[in-house]
Amino acid sequence: MRILVLGGTVFLGRWFVQAALDAGHEVTLFHRGRHGADLFPNARRLIGDRASDLALLDDGSWDAVVDTSGYLPRVVRASCERLRSRAGRYLFVSSVSVYADADAPTLTEDSPMAQLADPSSEDVARDYGALKAACESVVGDSFGEARSAIVRPTLIVGPWDPTDRFTYWPVRFADGGDVLVPDRPDQPVQVIDVRDLAEWMLRLVEGEVTGVFNAAGPAEPLTLEGLWRELGTAFPGARPVPVSEGFLAEQGVQCWTELPLWIASEARADGTMRADSSRAIAAGLSLRPLAETARDTVVWHRAQPPRPWLAGLSADREQRLLKLWSERPPAP
């Protein structure tokens, strides 16, 4: 197959391109050239900005387009309009953040979608989910249901993750000792290994599968307590120390950034960790054990040059918090 990837050199796109090349497909990468210049010598490269250089796509046709880098409806619309007559199908990578009710007990593909309060907004930090939902509409309008697939992953994790939002935890557990963890044991947790997602997306493309799919793992329901147990088994030198949400709030500890995966109870946003992936599993999504993802992530991370963490507590801050927690007065 001839596959055009919009993006393809950072994380999910990187793994998808590798899977497609390994399977013998002809891959064209359209990206800005800021990352991965040494990757994929067997792939054709078009270096340009999809917001302004779409004329580069006029010299080619493809069986499928895989869009891993679409965030703004205006930009996705331009790509779709340019490619509608040049590509057979369009697979768009969206997000479970598209759903309107962040505290829903379960999110299915038919759950209500977020809407932009300001249709002209391009503020990705503020309106990420609603912008992704609008991008989905653009893809559907351009390619129709018969020629499009929408994939809505939960938090994507594993080797080459540039965000550290999952990586922090397996690396911290692998380092051993007392590990500060938020005491919210029943909070649901969903993550998907980037390799499982990429390989499944390729199967969708190869099988000409269309439709809308949530993509969330692991295979069995998981909570924060279950995550600490899984990581403790994989890295037995660590000792989780549950710390109350009240104490964390008093100390100004930020959920999701300083303690990734933790969603504070008061945020009422657990629904993004309760996506129903049964439709994707029926369409061939398979999910590897979380412990395998954790171990592989640690191996990858330790092989990289040192750099500042983008998420998680610094070692000094964690130790100060653990000391304060241990010295707190006993409850009355």
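The values are calculated or read from the model by the stated rules, or taken from the named source; none is laboratory data. Model, not experiment: these values are computed from the prediction. As a convention, Cβ positions derive from the backbone with ideal geometry for all residues, glycine included, and neighbour counts pool all protein chains shown.
Give region 106-124 a look and list any residue that's part of a loop (DSSP other than H, G, I, E, B) and farther than 22 Å from Ile281 by Cα, or say none.
Ala114, Gln115, Leu116, Ala117, Asp118, Pro119, Ser120, Ser121, Glu122, Asp123
For Ala133, which of the numbered conditions (1) assigned to a loop (DSSP other than H, G, I, E, B); (2) crowded, with 21+ Cβ neighbours inside 10 Å; (3) of a type outside the set (Phe, Trp, Tyr) fails to hold?
(1)
Hey, Trp169 hits all of (1) touching a residue at least 40 places away in the same chain (Cβ under 8 Å); (2) farther than 30 Å from Gly237 by Cα but one; which does it fall short on?
Of (1) touching a residue at least 40 places away in the same chain (Cβ under 8 Å); (2) farther than 30 Å from Gly237 by Cα, only one is false for Trp169: (2).
Test Thr210 against the stated conditions and say whether it is among the β-branched types (Val, Ile, Thr), out of contact with any helix residue (DSSP H, G or I) (no Cβ under 9 Å at 6 or more places or on another chain) and in contact (Cβ under 8 Å) with a residue 24 or more places away in the chain.
No; evaluated as a whole, the condition is false for this residue.
Condition check ((1) more than 28 Å from Ala134 (Cβ to Cβ); (2) touching a His at 6+ places or on another chain (Cβ under 8 Å); (3) outside the structural domain of Leu91 (by TED's automatic domain parsing); (4) among the charged types (D, E, K, R)) across all residues:
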{"residue": "Ala19", "(1), (2), (3), (4)": "yes, no, no, no"}
{"residue": "Thr28", "(1), (2), (3), (4)": "no, no, no, no"}
{"residue": "Arg32", "(1), (2), (3), (4)": "no, no, no, yes"}
{"residue": "Ala43", "(1), (2), (3), (4)": "yes, no, no, no"}
{"residue": "Asp58", "(1), (2), (3), (4)": "no, no, no, yes"}
{"residue": "Asp63", "(1), (2), (3), (4)": "no, no, no, yes"}
{"residue": "Tyr71", "(1), (2), (3), (4)": "no, no, no, no"}
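Looking only at region 58-71, count how many residues are within 20 Å of Gly140 (Cβ to Cβ) and touching a Lys or Arg at 6+ places or on another chain (Cβ under 6 Å).
3
Given the condition in contact (Cβ under 8 Å) with a residue 12 or more places away in the chain, assigned to a helix (DSSP H, G or I) and of a type in the set (Val, Ile, Thr), answer yes or no: does some residue in region 244-263 qualify?
No, region 244-263 contains no residue that is in contact (Cβ under 8 Å) with a residue 12 or more places away in the chain, assigned to a helix (DSSP H, G or I) and of a type in the set (Val, Ile, Thr).
How many residues, within region 36-58, are within 25 Å of Glu206 (Cβ to Cβ) and either touching a Leu at 6+ places or on another chain (Cβ under 9 Å) or among the small types (Gly, Ala, Ser) (or both)?
Number satisfying all stated conditions: 10.
For region 1-91, please list each of the strands (runs of 3 or more DSSP E) lying entirely inside it that holds at least 3 residues being in contact with a strand residue (DSSP E or B) (Cβ under 9 Å, 6 or more places away or on another chain) and surrounded by 14 or more Cβ atoms within 10 Å (Cβ to Cβ).
So the answer is 2-6, 26-31, 62-67.
What residue, of Arg152, Arg229, Arg184, is farther than 30 Å from Arg86 by Cα and outside any helix (DSSP H, G or I)?
Within the list Arg152, Arg229, Arg184, the selection yields Arg184.
Within region 264-297, take every residue that is out of contact with any strand residue (DSSP E or B) (no Cβ under 7 Å at 6 or more places or on another chain), at pLDDT below 95 and part of a loop (DSSP other than H, G, I, E, B) and give me the one that is surrounded by the most Cβ atoms within 10 Å (Cβ to Cβ).
It comes out as Ala269.
Determine which member of the set Asp103, Asp127 is in a loop (DSSP other than H, G, I, E, B), of a type outside the set (S, T, N, Q) and under 20 Å from the mean Cα position of the chain (by Cα).
That would be Asp103, the only listed residue that is in a loop (DSSP other than H, G, I, E, B), of a type outside the set (S, T, N, Q) and under 20 Å from the mean Cα position of the chain (by Cα).
Of the residues in region 307-332, how many are at pLDDT 95 or above, under 18 Å from Ser244 (Cβ atoms) and charged (D, E, K, R)?
4
Which pairs have Cβ atoms under 9 Å, sit 6 or more apart or on different chains, and link a residue in region 312-332 that is touching a residue at least 60 places away in the same chain (Cβ under 8 Å) and assigned by TED's automatic domain parsing to the domain that holds Ala238 to one that is β-branched (Val, Ile, Thr) and assigned to a helix (DSSP H, G or I)?
Gly312/Val171
Identify all residues within region 38-50 that are farther than 20 Å from Phe143 by Cβ and either touching a helix residue (DSSP H, G or I) at 6+ places or on another chain (Cβ under 7 Å) or touching a residue at least 12 places away in the same chain (Cβ under 8 Å) (or both); write none if there are none.
Once the filter is applied, which keeps residues that are farther than 20 Å from Phe143 by Cβ and either touching a helix residue (DSSP H, G or I) at 6+ places or on another chain (Cβ under 7 Å) or touching a residue at least 12 places away in the same chain (Cβ under 8 Å) (or both), region 38-50 yields Leu39, Phe40, Asn42, Ala43, Arg44, Arg45, Leu46, Ile47, Gly48, Asp49.
So, in region 101-133, exactly how many residues are in contact (Cβ under 8 Å) with a residue 60 or more places away in the chain and not small (Gly, Ala, Ser)?
Number satisfying all stated conditions: 9.
Go through the residues of region 315-331 one by one and say whether even a single one is under 30 Å from the mean Cα position of the chain (by Cα) and part of a loop (DSSP other than H, G, I, E, B).
No, region 315-331 has no match at all.
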